[in-house]
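To keep things clear, I will list the structure first and then write my remarks on it.
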Amino acid sequence: MISKNQIKFVKQLEMKKYRQREGLFVAEGPKVVGDLLTAGYTPHALFATEEWIQHQHSQQSQSSQSSQHSQSPQQSQSPQSSQHSQSPQHSQSPQHSQQPQPPQSSPTLVTPDELRKLSFLQHPQQVLAVFPHPSFLSSHLSPLTSHLSSHLTSHPSSLTLALDDIQDPGNLGTIIRIADWFGIDSVVCSYDTADAWSPKVVQATMGSIARVNIVYTDLKEYLSHATIPICGTLLDGENIYAQELPREAIIVMGNEGNGISPAIRPLITHRLLIPQFRPGAESLNVAIATAITCSEFRRSAGQQLHEGNI
């Protein structure tokens, strides 16, 4: 049984000011909630139907049996190390495991009707969880620059996405999902980009938000400190399909209606164009353009490696 206060509390988290005040965000559905649990996020609150709880118990039982079979007698007698999962509040990269880690507190059992009262979805999906905001959301340039610089040094083929005032929650969620697919660890957002931790964006990521670092900062200042190529798609750019693209780069994607802003354009070192093959066709959605651009960067890196140019 859930109270009116619990419903009100969860519903308030649809608004950015309450998410910021409480330091919490909402995720829904077995896939998104499961990915966040697997990544080491510990829920502040978790509301689930009997179906989801039973499935979790079944998974944990199977995992436990598999673990016992894989251990030698000597191993099974040794003291177990701490089982507490590392919270992303204390790490830039949350810990990953094979199975979702159980929440520290028991889930609140709800009926499908009660879940509908809590949910932001038209068709609620078994579970809704409230998670703490990860600490890698930073408004300070120095820690961000330090983190990304060390990441680029240790990952010679790394890419970073930089978003210049992306407004649509669906676009932002899809771009985070694209970053995850192409193995891009960090997405750097301008302050005017939509909030990645809104319910709509979190759901649109389909769980990828658990594996990608999202950082908000002064984008112009951040890019001005970059020591690697800064690439962006512009109408006066060079055909992306005819370029040998850098393996290390920051890829800037611009606003849905205005593209890359005038303040950012002078910082672009590699101006690229996704050519139009049929005149009159509507311009590409920014998420689609991001997918094409990331795909070309990965294809180019693979081609260079195959030809022995690296």
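First select every other residue whose beta carbon is under 11 angstrom from the beta carbon of Ser208; then total the charges, Lys and Arg +1, Asp and Glu -1. Can you show the working numbers first?
On the way: positive: Lys31, Arg177, Arg211; negative: Asp35, Asp180.
Here the count lands on +1.
Is there a quick way to get the dipole size of the range 1-46? I mean about its Cα centre, with the Cβ of Lys and Arg at +1 and of Asp and Glu at -1; what is the value in debye to the nearest 20? Intermediate results must be reported in sequence, preceding the final value.
Values: 8 positive and 4 negative charges, 60 e Å.
I would put it at about 280 debye.
Less than 5 angstrom separates the built amide H of His133 from those of Leu24, Phe25, all sequence-distant by 5 or more or on a different chain.
Less than 14 Å Cβ to Cβ from Ala39, Lys/Arg counted +1 and Asp/Glu -1: what total charge do the surrounding residues give? Could you put the intermediate results ahead of the total?
On the way: positive: Lys31, Arg211; negative: Asp35, Asp180, Asp185.
Once positives and negatives cancel, what remains is -1.
Which of Lys31/Lys200; Lys16/Lys200; Lys117/Lys200; Lys17/Lys220 have a Cα-Cα distance over 21 Å?
Numbers: Lys31/Lys200 15 Å; Lys16/Lys200 12 Å; Lys117/Lys200 17 Å; Lys17/Lys220 25 Å.
Violating the 21 Å Cα-Cα cut-off are Lys17/Lys220.
Pairs of C-alpha atoms in the range 185-310 farther apart than 17 Å represent 63 percent of all such pairs.
A cut-off under 13 angstrom between Cβ atoms defines the neighbours of Gln6, and their net charge, with Lys, Arg +1 and Asp, Glu -1, is +3.
Here, each number is a calculation from the coordinates, and none is a lab measurement. Here the structure is a predicted model, which is why all the values come from computation and not from measurement. With ideal geometry, Cβ positions are generated from the backbone for all residues, glycine too; neighbour counts draw on all protein chains shown.
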